[in-house]
Every structure is written in structure tokens, then in C-alpha cells.
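S.K.: First the structure, then my questions, so here it is.
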Amino acid sequence: MAGHRPLLLVGYSLGASLSLLAAGTIRPDGLVALAPFWWQEKWWTRIVEFFARPFLPAGFRPLAKADFADPRLRQGMVKFMPGLDLDDPATQAAMRDFRVPLGLIDQVRGLSRRMLAAAPGVAVPMLVVQGARDSVVRAEQTRQLLQKFSNGQSYVEVDADHDLTLAENPAWPQVEAAVLKFAEGIRSP
């Protein structure tokens, strides 16, 4: 990153956790974490996993019993995959058969562990923006995460769900303003 200063690292959701982990290594001038996703494990999780893992399937099908007539499911799917024909039986069958390997969940858990271990060493100005109605990354979870960092952070909570980066989100102007104000502070200390 030499010669490219100031450097502002920005991440959203799982990308925010990756950015938090990377910040300790690349030492940006500032860090913006939008709804930072992390896996909050209980102390007993690894013990249960040790005994249960051999009996678990290699993956699971989260949409196996999906009701494609449900407006909430349809709205979420269209946001995630615009142009998807949810009325097509072949599309529905393929989505019901979609499998998430447990190895993917292991990767996310491992990332969360590494990010939490690195958190005290992240000593750069940080802005965290969180949606108050986010059901993917709950606001209380983000506030708990902030306690893991040793430096001061700016925290902005907006009246939004997880889609903080979408321009059609009513809270987008607040998100954009907070990020731009933070970036300006990094640009001219």
C-alpha cells in the first residue's frame, strides 16, 4: 500500500469482518465496517461440535421446504438474485436442492475467531455503521463486537435492515453521509 495514502479500508457484512482482520496487517489510515458479520460462539460450542460432528451430514438445504408464494421470501430472493423467476418449477426445484456445505460454516467461524483474536491489535480510526432492524447482524451483536477493540470507534446506528449499501434503502443518505464525513476526516487529519 506504499505510496497510496491515505488508505481507507471499507467492508460490508462478511467483508467488514475480513477488513477488520486485514486492518492489523495492512495498517490503513481508517476503517469503515458496515454491519460487520461475525459468528458469535458460546463457550461450549466446540465441545458439542467434537461429539456431534461425526453424525452430521456434509451439508444442509436451507430452502428445502421454502414456500415460494411467501411475499417475504420472494422479496428477499429478488434482492439477492435480481431477475430470478421464482414461478418457474425448475428454478424452484434447483433452489430447494441447493446445499450449503458445513465446511462453509466452518470457514465463517474460523474467520470470526481470527478477527476477534486480532481485534485488540487494530489501532486505526474506525467507523462502524449498523442497521437497527438488521436481522442478519443484530445491533446488539455489533455493540458487543466493538468492545473487543482497543481504540475508539465511531458508531452510527441507522433505522435500516441489513441492506445498508443499497441506494434505495431509506437510510442510505445517513450511511453515505457518515462514511463520507469519516473519509474526509481521514483525508485531512
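The values are calculated or read from the model by the stated rules, or taken from the named source; none is laboratory data. Everything quoted here is computed from the prediction, not taken from an experiment. Positions of Cβ are backbone-derived with ideal geometry, glycine not excepted, and every protein chain shown enters the neighbour counts.
S.K.: Among what's in the range 1-24 and is touching a helix residue (DSSP H, G or I) at 6+ places or on another chain (Cβ under 8 Å) and assigned to a strand (DSSP E or B), pick the residue that is nearest to residue 141 (Cα to Cα).
M.R.: Top of the filtered list is 11.
S.K.: When you scan the range 84-103, do you find a residue that is of a type in the set (Val, Ile, Thr), within 30 Å of residue 58 (Cβ to Cβ) and more than 19 Å from the chain's Cα centre (by Cα), even just one?
M.R.: Yes, some residue in the range 84-103 is of a type in the set (Val, Ile, Thr), within 30 Å of residue 58 (Cβ to Cβ) and more than 19 Å from the chain's Cα centre (by Cα).
S.K.: Going by the structure shown, is residue 183 surrounded by 12 or more Cβ atoms within 10 Å (Cβ to Cβ) and either touching a strand residue (DSSP E or B) at 6+ places or on another chain (Cβ under 9 Å) or at pLDDT 90 or above (or both)?
M.R.: For residue 183, the condition - surrounded by 12 or more Cβ atoms within 10 Å (Cβ to Cβ) and either touching a strand residue (DSSP E or B) at 6+ places or on another chain (Cβ under 9 Å) or at pLDDT 90 or above (or both) - is met.
S.K.: Of the residues in the range 68-79, how many are modelled with pLDDT of 90 or more and surrounded by 10 or more Cβ atoms within 10 Å (Cβ to Cβ)?
M.R.: Qualifying residue count for the region: 2.
S.K.: Of the residues 99, 109, 138, 143, which single one is in contact with a Gly (Cβ under 6 Å, 6 or more places away or on another chain) and over 12 Å from residue 20 (Cα atoms)?
M.R.: 99
S.K.: Can you tell me how many residues within the range 25-45 are outside any helix (DSSP H, G or I) and over 30 Å from residue 185 (Cα atoms)?
M.R.: Looking only at that region, the number is 6.
S.K.: From the list 93, 117, exactly one residue is assigned by TED's automatic domain parsing to the domain that holds residue 15, exposed (fewer than 15 other Cβ atoms within 10 Å of the Cβ) and aliphatic (A, V, I, L, M). Which is it?
M.R.: 117
S.K.: Report the residue count in the range 153-175 for those that are within 11 Å of residue 34 (Cα to Cα) and either surrounded by fewer than 16 Cβ atoms within 10 Å (Cβ to Cβ) or not hydrophobic (A, V, I, L, M, F, W, C) (or both).
M.R.: Residues meeting the conditions: 5.
S.K.: Restricting attention to the range 46-62, does a residue exist that is outside any loop (DSSP other than H, G, I, E, B), in contact (Cβ under 8 Å) with a residue 40 or more places away in the chain and touching a Pro at 6+ places or on another chain (Cβ under 9 Å)?
M.R.: yes
S.K.: Would you pick out the residues in the range 132-152 that are touching a residue at least 12 places away in the same chain (Cβ under 8 Å) and crowded, with 16+ Cβ neighbours inside 10 Å?
M.R.: 134, 137, 139, 141, 142, 145, 146, 149
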